[in-house]
1. Over 28 Å between Cα atoms: which of LYS126/LYS258; LYS99/LYS582; LYS216/LYS344; LYS98/LYS126 fall into that group?
2. If you stretched the chain out fully between LYS216 and ASN177, how much longer would it get, using 0.36 nm times the residue separation minus the C-alpha to C-alpha distance?
3. If you take the square roots of the eigenvalues of the alpha-carbon gyration tensor of the range 319-384 and sort them as a ≥ b ≥ c, do you get rounded (a/c under 1.5), prolate (a/b over b/c) or oblate?
4. How many Å² of accessible area per residue for the range 260-419, probe 1.4 Å?
5. With r as the distance between the Cβ atoms of THR420 and TRP466 and R0 = 51 Å, compute the FRET efficiency 1/(1 + (r/R0)^6) and round to 0.05.
6. Would you mind putting 162-170, 559-567, 179-187 in packing order, based on average other-beta-carbon counts within 10 Å, highest first?
7. Using a 10 Å cut-off on Cβ atoms, rank the peptides 428-438, 342-352 from the highest mean neighbour count down.
8. For the range 65-158, what is the accessible area per residue in Å² when the probe is 1.4 Å?
Amino acid sequence: MKNVTSDFLKGASLRSNWQGQWWSFFISMVLLCVLGTTAVNADESWALASTRTRLIGFNWADARDNFQSGELVLSGTLSTYGYNDFSTAAQYVASTFKKGFSPVNTVRIPINYATVNDANYWASYKGAIDGLLASGLNVIICYWPDGRDGFGVPYGTVNQANWDSAWSTVLSAYINNPSVYFEPINEPWGYSTWIQSDLSALHDTGDLDSLKQLYKNWESTALQAYQGTATGTSATSLPSSIKHRVILAGGMVEEDIKDLANDSYWDDYLLGFHMYSFVYDEQHGGTISSEPLIPHRRHTDWPTYLAWLINRHWPRVVITEFGAETSNTGYDNPNNGYDNSSEKVPSIQGIANYAYTFGAGMIWWPGFKGSYTQNQSTAQSLSLDGYNFFSSSTETSAGQYAATPYMLLSSTPANSGLSTLLSAAAGQSSMYTLLSGEFQNGCSGTQSNIASYQGTGGYVYDRESWASAGPTATGVNLYICNTENSDGFYYIGNNSVPQNGQVVEVNGNSTSSNAGLDFYGVNDQENQKWLPIQAALDQSVFFANEQDYQLWDVRGDPGASSTLTAGQDLDQWPLDGQGNQKWSVILVK
């Protein structure tokens, strides 16, 4: 992905810097569900079932990248491999992934027409899929356009006949395997209005009807394959058990899922999502008018940005690609407030925290993407992609692994801090428990306490309409409710029906740092909408404003003990790594 995006997406980031402070509080809150949207959400609530697997893992890629017109050769393998060779390689890779990153349960691998169309090569290549399955891992099989077919848009479309043929072969082999997931196309630029700049700041590629038609064609091919099995002979439609293993890529570079997800026809399908900091820079930088014009250099910026793109459809999302250089430092520093030089570390922290908060699947790009070049006199190691999660070992003698280069893949992560972050994000957050209950049950039955300074400070209460922290014994019962327009952000108010009460807002619709927070009647403005974000590393919860991405903050950072003895006002302030922005949320009902 990262090697080709800049060929299509242009732009320059204009976002300016902010300064900030951090704080935390006790708040007694009733956290409640979606106002007036429960019936809509119910169609997607299957994705919240405790029996559904959250996919965590890595991409295993061709060292040349997966955009190839010829047969794909997985990193560490040889094009001359037979079935057993591929299977052995896959089992080694699976074992290496597991040893180096215990949460892994999934590997995403590519196919294209050439790989599947050659019957002999496909018979061999299947060994990689079967070897991963034999190792107890789920496999996502994803089709990469080769850049030569379609409408002349590089990498973005497929030759329909070739695509149908390839998928018919693959589905016939694996459609009834519960551990195999299908991603019909990777990054379908050509089926969305990707050429148009995002001038309206809607993060929306617009009409995805051609992409939906492509998916309906795939659905027909899948149904035919299913009808060819013993269990599907009389089927007239795909069963949900199969649809729940299909990942539909969003538009553009797989970042816009709204048009697809808002169509109830696709409610039974998972949603594929990609995000890299360079995609944001190149595609949206300098063109956005209605969100804060700053580089996303704070980790709380990224979940807030993702909420724009994903909206209320987070239960079905699998982030099938995200990544950055493993040479960066600070991935495991929970107090990284602001990176003045780069968005890379904040982007990965933020994407991981979004996935942790909302239970999204996470597939790092890549786990294994690298090449081996034999040298007759010098021992070699793998030449790995800069994003590669794992490191390489070195031969003890020249040519030692010329026939089995995959054995040079080491289980040692290339960046221990990154491994620590993603391992934490692979767990289940307390906010996920709360928000999934809200998603399914509406604004009732999820009462919680929210404490300042990660649970050591005072309660939030309404002091003549001002949001405050102080020594009151009970605070104000507050509710977290998804907004009426279901845009992925939440009201935080004193009534289970927000319109019947008041909600926390930024006073005067201000975008200034230090602007006060107060309680006000619902008016559907962005200054009243908040995104809860739980940090995987230290369990802190932040509340980010939709309008300007700034956070709930105890004004002046008086310290936790001060909030226990005297009232303290709240304001908004950009993330800066201090404790006065960090909250603890305890579900009590």
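1. Working: LYS126/LYS258 34 Å; LYS99/LYS582 34 Å; LYS216/LYS344 37 Å; LYS98/LYS126 21 Å.
Beyond 28 Å between Cα atoms: LYS126/LYS258; LYS99/LYS582; LYS216/LYS344.
2. Values: separation 39, 0.36 × 39 = 14.04 nm, distance 2.12 nm.
Length difference between fully extended and current span is 11.9 nm.
3. On the way: a/c = 3.81, a/b = 1.89, b/c = 2.02.
Oblate is the answer for the range 319-384, as a/c is 1.5 or above yet b/c matches or exceeds a/b.
4. On the way: 4360 Å² over 160 residues.
For the range 260-419, the solvent-accessible area averages 27 Å² per residue.
5. On the way: r = 39 Å, r/R0 = 0.77.
In this case the efficiency is close to 0.80.
6. Numbers: 162-170: 19.6, 559-567: 17.2, 179-187: 23.0.
In decreasing order of mean packing, 162-170, 559-567, 179-187 become 179-187, 162-170, 559-567.
7. Top of the packing list down: 342-352, 428-438.
8. Values: 3180 Å² over 94 residues.
Each residue of the range 65-158 exposes 34 Å² on average to a 1.4 Å probe.
The values are calculated or read from the model by the stated rules, or taken from the named source; none is laboratory data. Keep in mind that what you see is a predicted model, and the values were worked out from it rather than measured. When we count neighbours, we look across all protein chains shown, and the Cβ atoms used for this are built from the backbone with ideal geometry, even at glycine. Side chains included, ligands, DNA and RNA excluded: accessible areas come from the protein's heavy atoms. Shrake-Rupley method; radii C 1.70, N 1.55, O 1.52, S 1.80 Å.
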